[in-house]
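The values are calculated or read from the model by the stated rules, or taken from the named source; none is laboratory data. As the structure is a prediction and not an experimental result, all values here were calculated from the model. A quick note on method: Cβ atoms are made from the backbone with ideal geometry, for glycine too, and the neighbour counts reach across all protein chains shown.
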């Protein structure tokens, strides 16, 4: 294991001999393996994984490309793939996902944040790991927003794992868009690399996508204090190159609105509101679209 500098103590906790109970909050089924397979292998029963979305865009493009006739069948398969991959860690728990429709998480930032506060407090998680806010995918940025606000409300340290972003020429993987704060670089041993490749193989529907990602090194660091009211990565936003449900020019409006709604709420009031409206993992309701499975 190698460090890029000082200030990575929260990330180091993932690989301690007696690690904290850690909640991995990721946007899609497979993101936890792409970003943090080594940490999951080390933590085992000390790791909980939560998917914010169901991994199935409602426009049916991904589902049809993978050979599915319905969004619901595709979503169920993606969850099953993640469950099979995590079984290889011999201990990681996959929580009931929030089931936000893929590519729409940015439109439910407040609701997701409230749900995460409820889940962090309910599980007694001691550390949260999530995505960097760097414009790779709109659901990643939405998850980063919600995890940051929820972890701060609960007083729990937040770590981010590297994913992908746009460097101006196209997609870059295996590092962070911004060099600060310094990252903990975990060089995977042969057994970890072999297991991560096996985990990747569980995601049959994502074979082409996963081919772009690293299986030898993972990066972790304390999440910096992002200005979520601005476009990520200084406006170099990968998802502007694709039809992934959001333009980066729309992001600030959703973020500012969610921050306005969250501002007056203390941790206690957020949790009580979650109780009142039943925004828990198994009952969470988000705006439905015409293509949503019944």
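Here are the numbers:
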| quantity | calculated |
| --- | --- |
| Matching entry among 170, 174, 136 (being closer than 28 Å to residue 240 by Cα, at pLDDT 95 or above and surrounded by fewer than 23 Cβ atoms within 10 Å (Cβ to Cβ)) | 170 |
| Residue 11, sole failed condition from (1) touching a helix residue (DSSP H, G or I) at 6+ places or on another chain (Cβ under 8 Å); (2) closer than 24 Å to residue 225 by Cβ | (1) |
| Number of the exception - residue 80 against (1) surrounded by fewer than 20 Cβ atoms within 10 Å (Cβ to Cβ); (2) farther than 23 Å from residue 157 by Cα; (3) in contact with a helix residue (DSSP H, G or I) (Cβ under 6 Å, 6 or more places away or on another chain) | (3) |
| Any chance residue 13 is surrounded by fewer than 24 Cβ atoms within 10 Å (Cβ to Cβ), in contact with a strand residue (DSSP E or B) (Cβ under 8 Å, 6 or more places away or on another chain) and closer than 17 Å to residue 120 by Cβ | yes |
| Within the stretch 174-218, tally of residues that are touching a residue at least 60 places away in the same chain (Cβ under 8 Å) and touching a strand residue (DSSP E or B) at 6+ places or on another chain (Cβ under 7 Å) | 10 |
| Any chance residue 135 is in contact with a strand residue (DSSP E or B) (Cβ under 7 Å, 6 or more places away or on another chain) and on the phi > 0 side of the Ramachandran plot | yes |
